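Working notes for the structure below.
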Amino acid sequence: MSVLIDKSKWSNSSRRSSEYSGQFLNVESYSEFIDYHCKKCSRHCVFTPEEQKVAFEVDKKIIHYVPSLCSECSNNYEVLKALISKYQSTWNRDREFLASNRKFVSDWLLAVKEKNSYGKRVDLSRERMLTKLLRDMP
Ligand SMILES: [Zn+2]
């Protein structure tokens, strides 16, 4: 099963990349099934033509992009990301009070460590900052 390509919906970088690399250059549809393994759970996955259309034309990913996570891990990753940004905005509002709240800081650190374990946009500086904060807490 192949899916028609609409190159007008690609990002500019994808169009440029296609010209340089020749990838998809004279091709009118996504037809490859690309195998990959989830970085988190190692499950075998397939990046389907339908998924490629969404990735390149809706999410504007670059055309040599291949997902690094399976859909389940990807959903969990998004949940963690949302949770961490909630911790961050709570922190920004009330930093002085929260700096001595061991429960808040350790829950936040736990979420950051869990997110880092997905191997995607690993944020070690946040992890170090929170670890230090906990260590220095009276
Ligand atoms: Zn997975």
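The values are calculated or read from the model by the stated rules, or taken from the named source; none is laboratory data. It should be emphasised that the depicted structure is a prediction, and the values quoted were computed from it without experimental measurement. Glycine also receives a Cβ, built like all others from the backbone with ideal geometry; neighbour counts cover every protein chain displayed.
Considered as a group, the residues in region 49-75 that are within 16 Å of the ligand (Cβ to nearest atom) and surrounded by 14 or more Cβ atoms within 10 Å (Cβ to Cβ) include one that is farthest from the chain's Cα centre (by Cα), and that residue is Glu51.
Are there any pairs with C-beta distances below 7 angstrom linking a residue in region 1-25 that is exposed (fewer than 12 other Cβ atoms within 10 Å of the Cβ) to a residue that is assigned to a loop (DSSP other than H, G, I, E, B), with the two at least 6 apart or on different chains, and if so which? Note: pairs meeting the criteria are Leu4/Glu28. Taking the conditions (1) over 30 Å from Arg128 (Cβ atoms); (2) modelled with pLDDT of 95 or more; (3) within 16 Å of the ligand (Cβ to nearest atom) in turn, Glu78 satisfies each one other than (1).
If only one of His44, His37 is in contact with an Asp or Glu (Cβ under 9 Å, 6 or more places away or on another chain) and exposed (fewer than 14 other Cβ atoms within 10 Å of the Cβ), which one is it?
None of the other options fit; the residue is His44.
Among the residues of this structure, Cys45 counts as one that is assigned to a strand (DSSP E or B) and within 16 Å of the ligand (Cβ to nearest atom).
Of everything listed in (1) surrounded by 13 or more Cβ atoms within 10 Å (Cβ to Cβ); (2) at positive phi, the single unmet condition for Arg121 is (1).
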